[in-house]
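Take a look at the structure below.
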């Protein structure tokens, strides 16, 4: 979840003129990175080997 503080900090980092789409895209990326880092901290990861096995099944 995003906080007002995070949204404000991202707005301050944007150029003086930007589109709403650019801001939304940036916020989505920030949220996804934040969520991914939390998952890593919680040990919710898979090994490269496990990934290879899953991908092999997907593309079989």
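For the reader, a short list of remarks on this structure follows.
- Among the residues of the stretch 10-50, the one identified as exposed (fewer than 12 other Cβ atoms within 10 Å of the Cβ), in a helix (DSSP H, G or I) and touching a helix residue (DSSP H, G or I) at 6+ places or on another chain (Cβ under 9 Å) is 13.
- Residue 3 falls short on exactly one of the conditions (1) modelled with pLDDT of 95 or more; (2) surrounded by fewer than 10 Cβ atoms within 10 Å (Cβ to Cβ), and that condition is (1).
- The residues listed here are 60, 56; of these, the one that is out of contact with any helix residue (DSSP H, G or I) (no Cβ under 6 Å at 6 or more places or on another chain) and either modelled with pLDDT of 95 or more or not in a loop (DSSP other than H, G, I, E, B) (or both) is 56.
The values are calculated or read from the model by the stated rules, or taken from the named source; none is laboratory data. Since this is a predicted model, take the numbers as computed values, not measurements. Note that we place each Cβ from the backbone using ideal geometry, even for glycine, and neighbour counts take in every protein chain shown.
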